[in-house]
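Chemist: Take this structure first; my questions come after.
The values are calculated or read from the model by the stated rules, or taken from the named source; none is laboratory data. Fair warning: this is a prediction, and the values are worked out from it, not measured in the lab. Cβ: placed from backbone, ideal geometry, glycine included. Neighbour counts: every protein chain shown.
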Amino acid sequence: MENIMQIKDMEYFIKLTEVRNFTQVAQAFKVSQPTITYAVKRLETELNAQLVIRNPEHHSVSITPAAQQFVVHANKVMIELKRARAEIQSQKEAKIKLGLPPIIGNFYFSKFIPQLTKQGLVSKLNTDSFGSEETLAKLLSGDINLALIGSSEPLRSPDLKLFLLRQNPFTIITGSRKDSIKLPKLLSFSQAAVNPFIVFNEGFVHNKAFSYFNLSADVSPQIIYKTTDIGILKNMVSHNAGIGLLTDLAIDSHDKLITHAIIDDNQPLFNIYLAYRRNYQLSIDEKKFVKLFQSHVLRNKKAPGF
């Protein structure tokens with residue numbers, strides 16, 4: 001009778017390559033040690049290769065080159081299985097699991113609420129709000145199925161379908177009060193860099209853009225505060241605690257801020273992408289969601305890519 005490779009056997013084996021001890025693997029999965037032993041033997045029979053070498057003196061095992069190769073593929077299988085489970089569960093729930101970084105959610109996505117409501121999609125949304133880096137990671141892992149992602153450089157991935165929706169420049173912002181830092185309306189980043197900055201934490205697009213400007217201008221401005229909250233950043237700048245770097249997309253007329261255009265060559269832009277996994281089958285509602293944003297770009301010709 002032909003052997004069939006079991007998912008659980010691969011799970012046991014992956015753990016064994018990490019801890020190199022049969023007893024620890026058995027304890028981790030709350031099974032007997034012979035269960036782990038038989039699982040490895042089944043894999044060795046199926047692959048026609050020795051995967052482990054026992055070291056009785058040290059109560060451990062060594063991993064063979066064949067095992068090192070197999071565990072790479074086993075990990076990929078487990079990742080795909082996790083994605084499949086998440087996708088199937090999502091289909092059952094009939095929800096659009098959307099990743100929505102805070103700035104994009106507040107200053108771009110919110111403008112589409114009337115159209116989404118008209119198409120009956122708002123009640124179908126299940127949104128997660130993280131920085132774009134974490135949103136991208138969650139999309140690739142299958143935790144979410146659609147995402148609006150920001151990037152300060154062209155975004156490319158063989159695993160994703162990507163649609164460029166919009167591009168906005170980054171600007172320097174200062175407070176509008178009389179005692180605020182005074183800067184010219186047009187300036188180089190090096191001119192701005194003599195002042196202290198309030199910036200976003202790691203994982204935000206603005207942080208990468210800030211690093212790019214620093215490197216390009218060969219400067220290292222003082223950073224006096226880091227935050228994940230755009231409201232805090234704006235408020236601190238408006239009260240003259242420092243200056244900031246912010247996409248002009250996120251600036252409203254009621255903000256007590258002054259914007260200063262950066263004149264440096266080859267500067268990054270705040271790019272917004274609609275993204276989903278290339279091998280993911282969109283539901284009917286998800287197709288409506290994607291079409292809404294694609295149609296908007298085509299009508300307004302805000303960005304290339306369609």
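Chemist: What residue, among those in region 177-211 that are small (Gly, Ala, Ser) and within 20 Å of Phe270 (Cβ to Cβ), is surrounded by the fewest Cβ atoms within 10 Å (Cβ to Cβ)?
Modeler: The selected residue is Ser211.
Chemist: Please count how many residues of region 125-157 are at negative phi, of a type outside the set (A, V, I, L, M, F, W, C) and crowded, with 19+ Cβ neighbours inside 10 Å.
Modeler: Adding up the residues that qualify gives 7.
Chemist: Any chance region 212-229 includes a residue that's surrounded by 16 or more Cβ atoms within 10 Å (Cβ to Cβ), farther than 18 Å from Asn266 by Cβ and of a type in the set (A, V, I, L, M)?
Modeler: No: zero hits.
Chemist: Which number in (1) out of contact with any Phe, Trp or Tyr (no Cβ under 8 Å at 6 or more places or on another chain); (2) surrounded by 18 or more Cβ atoms within 10 Å (Cβ to Cβ); (3) of a type in the set (Ser, Thr, Tyr) marks the one condition that Ser253 misses?
Modeler: So the condition that Ser253 fails would be (2).
Chemist: I'd like the full set of residues that are outside the structural domain of Ala250 (by TED's automatic domain parsing) and not in a strand (DSSP E or B), limited to region 152-177.
Modeler: Selection gives Ser152, Glu153, Pro154, Leu155, Arg156, Ser157, Pro158, Asp159.
Chemist: Taking the stated definitions as given, is Pro65 at pLDDT 90 or above and exposed (fewer than 15 other Cβ atoms within 10 Å of the Cβ)?
Modeler: Taking the combined requirement at face value, the residue satisfies it.
Chemist: Exactly one condition in (1) in a helix (DSSP H, G or I); (2) of a type in the set (Val, Ile, Thr); (3) exposed (fewer than 13 other Cβ atoms within 10 Å of the Cβ); (4) outside the structural domain of Leu160 (by TED's automatic domain parsing) is not met by Ile53; state its number.
Modeler: So Ile53 meets the others, but not (1).
Chemist: Here's a follow-up. Got a number for residues in region 99-124 being aliphatic (A, V, I, L, M), buried (at least 17 other Cβ atoms within 10 Å of the Cβ) and over 11 Å from the mean Cα position of the chain (by Cα)?
Modeler: Kept after step one, since they are aliphatic (A, V, I, L, M), are these residues of region 99-124: 100, 103-104, 113, 116, 121-122.
Next, only the ones that are buried (at least 17 other Cβ atoms within 10 Å of the Cβ) stay: 100, 103-104, 116, 121.
Within this subset, residues satisfying the condition of being over 11 Å from the mean Cα position of the chain (by Cα) are 103-104, 116, 121.
Total satisfying the criteria: 4.
Chemist: Next question, about the same structure. Which condition breaks for Thr17 when tested against (1) surrounded by fewer than 16 Cβ atoms within 10 Å (Cβ to Cβ); (2) of a type in the set (S, T, N, Q); (3) under 17 Å from Asn75 (Cα atoms)?
Modeler: (1)
Chemist: If you don't mind, another one. So which residues in region 178-210 are among the hydrophobic types (A, V, I, L, M, F, W, C) and in a loop (DSSP other than H, G, I, E, B)?
Modeler: The answer is Ile181, Leu183, Ala193, Val194, Phe204.
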